[in-house]
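Read the structure below first, then the notes.
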Amino acid sequence: MSSDPDRQLTAVLVVVVALAAASVATLGYVAATDGDDGAEPMREVAWSVERANDTHVRVVHSGGPVVPSADLRVTVDGIERRPAWSATTLAEGDAGTVRADPGSRVTLLWDRSRVDTVVLARWTLAASDAE
């Protein structure tokens with residue numbers, strides 16, 4: 001019967017060690033994904049939009065760090081469009097082209113992670129001059 005308290009103590013120690021390991025793993029994950037993970041330069045990029053023709057606009061990297069185009073999305077009036085990016089890594093002057101009518105609202109989104117999307121820029125295009 002003297003082994004019952006020893007077993008209980010061992011079970012408690014196993015639970016405490018498991019909880020400590022889970023806490024360390026959680027803190028490590030948070031530190032790794034919430035800190036400076038190399039993706040923050042995306043916020044430092046200047047973006048602009050310019051009319052390419054009557055039906056399309058170009059979303060242009062206007063200055064700042066080089067960024068991957070794979071993490072960027074564009075919506076036009078809330079509808080996702082797939083830009084034809086000029087490169088997989090965007091530097092100043094590189095652009096993506098999307099269909100957007102005059103008067104449309106264009107939004108550039110950054111998928112920071114699978115669950116975190118950041119609005120980088122929004123533009124409302126000028127209405128057409130033709131009547």
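The values are calculated or read from the model by the stated rules, or taken from the named source; none is laboratory data. Quick caveat, the model's predicted, so the values are computed rather than measured. Neighbour counts are summed over all protein chains in view; Cβ atoms, including those assigned to glycine, are modelled from backbone coordinates with ideal geometry.
Considering only residues that are surrounded by 13 or more Cβ atoms within 10 Å (Cβ to Cβ) and under 16 Å from the mean Cα position of the chain (by Cα), look in the range 44-57 and name the one that is farthest from Gly103 (Cα to Cα). The residue in question is Val45. Residues of the range 93-131 that are part of a loop (DSSP other than H, G, I, E, B), assigned by TED's automatic domain parsing to the domain that holds Thr55 and without any contact (Cβ under 8 Å) to a residue 24 or more places away in the chain: Arg114, Val115.
Of all residues in the range 95-117, those satisfying the criterion of being among the hydrophobic types (A, V, I, L, M, F, W, C) and over 16 Å from Val45 (Cα atoms) are Val98, Ala100, Val106, Val115.
Here Val67, Val45, Val60 are screened, and the one residue that is modelled with pLDDT of 85 or more and either touching a helix residue (DSSP H, G or I) at 6+ places or on another chain (Cβ under 7 Å) or of a type in the set (Ser, Thr, Tyr) (or both) is Val67. Of all the criteria given as (1) exposed (fewer than 15 other Cβ atoms within 10 Å of the Cβ); (2) under 20 Å from the mean Cα position of the chain (by Cα); (3) at pLDDT 95 or above, the one not satisfied by Thr97 is (1).
Taken over the range 49-92, the criterion of being outside any strand (DSSP E or B) and charged (D, E, K, R) is satisfied by Asp54, Asp71, Asp77, Arg82, Glu92.
Looking across the range 100-131, the residues that are over 20 Å from Ser62 (Cβ atoms) and touching a Pro at 6+ places or on another chain (Cβ under 6 Å) come down to Ala127, Ser128. All told, Gly78 meets the bar of being surrounded by fewer than 10 Cβ atoms within 10 Å (Cβ to Cβ), of a type in the set (Gly, Ala, Ser) and at pLDDT 80 or above. Between Arg105, Arg114, the distinction of being at pLDDT below 95, surrounded by fewer than 14 Cβ atoms within 10 Å (Cβ to Cβ) and on the phi < 0 side of the Ramachandran plot belongs to Arg114 only.
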